[in-house]
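Participant: Next up is a structure, given as structure tokens.
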Amino acid sequence: MGKRVLVIDDSSTMRKIVSRSLRQAGLEFDEILEAGDGQEALSLLAKEKVDLILSDINMPNMDGIEFLRQKKEIAAIKDIPVVMITTEGGADIIGEAKSLGAAGNVKKPFTPDMINEVIGALI
Amino acid sequence: MERLQAVLQEKLTEVLDETFGSMAFLGVCEASAADCATAGSLREAQLLVTEPVLMELHLATSEALLRQMVETLYNFDADQIEEHLINDLLAEILNTLAGRLMTALLPEQQTFALSLPELASEEERLDDKPLFEAFYLADDEPVIVRLQASGPQALLNLLQP
């Protein structure tokens, strides 16, 4: 099976932009899966295998931080790298995400080069 | 307050251009209220900055511009564009803009928090004169940003030196 990435964002626009940026960055994923929040992502990850997760932080229902917290407790998915895509500023929220296992972060608005720089090293 | 107005204008112009450029390959230029007066309908969204100071950021732009951006982004024909895509794009522009603006305004280690963006209407807009209001054109379509703050002096005190 080829590489698969999961994009978690409540905005369908941002999911589209992330998908487009991955392609423009030359990052080859055979399939890009999408979830609208952390809860939907956990349900999807119970059924589907992915190689990388890109997640927003500020989302309704279950935000990106709570998603990281719950993912960390699930053996089958805890080692999948997660890159946070966020508008949030300041070291504390990014620090919290990293302490919960996030592999990196990209701030919006981002360019394909910025995506490549962070994600290229993880796949 | 003159310094606050000047800093807001400079930083907003910078991040608005960056946001529209990266999301839809569009540049923006500063304009006047008269330039932005349009017969076409405007779509509006707002969000709150809840920390470190309470502020409301409001974005209005034309439906025509949003439709054009959705066409570019999704590679759709005009008749394929659904209402929710237009609203979602407007909310995402505002969310990205707010994050970039706060990052540009505040010192590097200063944290901030944003609410989720909500669609707004002219009727819901605050009656008070906004603390700051700026007018732009993107591809000849109006883009209007308004900012209301509960304590402008608190915002001024937090600005990057």
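Participant: Given a cut-off of under 8 Å on Cα pairs at least six residues apart, what relative contact order in percent is computed for chain B?
Facilitator: 35 percent
Participant: To the nearest whole number, what is the average tally of beta carbon atoms from other chains within 10 Å of the beta carbons of peptide A:100-113?
Facilitator: Whole-number average of other-chain Cβ neighbours for A:100-113 is 2.
Participant: Provide the net charge surrounding A:Leu27, with neighbours chosen by a C-beta distance below 13 Å and charges set as Lys +1, Arg +1, Asp -1, Glu -1.
Facilitator: Combined, the nearby Lys, Arg, Asp and Glu give -2.
Participant: Okay, helix-only estimate at 222 nm for the protein assembly as shown: each DSSP H run of n ≥ 4 adds -39500 (n - 2.57), divide by all residues, round to 500 deg cm²/dmol; what do you get?
Facilitator: -12500 deg cm²/dmol
Participant: Can you list which of the DSSP-assigned H helices in chain B have a Cα extent of 30 Å or more along the long axis and an average Kyte-Doolittle score of at least -0.5?
Facilitator: Those that pass (Cα extent of 30 Å or more, hydropathy at least -0.5) are B:2-24, B:83-105.
Participant: So which of A:Lys3/A:Lys49; A:Lys47/A:Lys72; A:Lys71/A:Lys107; A:Lys71/A:Lys98; A:Lys78/A:Lys98 end up more than 20 Å apart, counting from Cα to Cα?
Facilitator: Correct reply: A:Lys71/A:Lys107.
Participant: For chain B, the longest stretch holding no GluC sites (Glu not before Pro) located in a DSSP loop with at most 16 other Cβ atoms within 10 Å is which?
Facilitator: B:1-81
Participant: How many percent of DSSP beta bridges within the protein assembly as shown run antiparallel, rounded to 5?
Facilitator: Roughly 65 percent of the beta bridges in the protein assembly as shown run antiparallel, per DSSP.
Participant: Around A:Lys49, under 13 Å between beta carbons, what's the net of Lys plus Arg minus Asp minus Glu among the other residues?
Facilitator: Spelling it out: positives minus negatives among the neighbours equals -2.
Participant: Can you give the mean number of other chain Cβ atoms that lie within 10 Å of the Cβ atoms in peptide B:21-30?
Facilitator: 2
Participant: When Cβ neighbours within 10 Å are restricted to other protein chains, what is their mean count per residue of peptide B:93-106?
Facilitator: Other-chain Cβ atoms within 10 Å of each residue's Cβ, averaged: 4.
Participant: In whole Hz, what ³J(HN,Hα) sequence does segment B:109-116 give by Karplus (6.51, -1.76, 1.60; θ = phi - 60°), x for Gly and Pro?
Facilitator: Calculated HN-Hα couplings, in order: 8, 7, 7, 8, 9, 10, 7, 6 Hz.
Participant: Specify whether the C-alpha gyration tensor of segment A:4-122 places it in the rounded, prolate or oblate class, a ≥ b ≥ c being the square roots of the eigenvalues: rounded for a/c under 1.5, otherwise prolate if a/b is larger than b/c and oblate if not.
Facilitator: rounded
Participant: Okay, moving on. Exactly which GluC sites (Glu not before Pro) in segment A:1-82 are in a DSSP loop and have at most 10 other Cβ atoms within 10 Å?
Facilitator: A:Glu28, A:Glu73
Every number in this text was worked out from the coordinates using simple rules, so none of it is lab data. Treat the numbers as computed from the prediction; the structure is a model and nothing was measured. Virtual Cβ from ideal backbone geometry, glycine too; neighbours counted across all protein chains shown.
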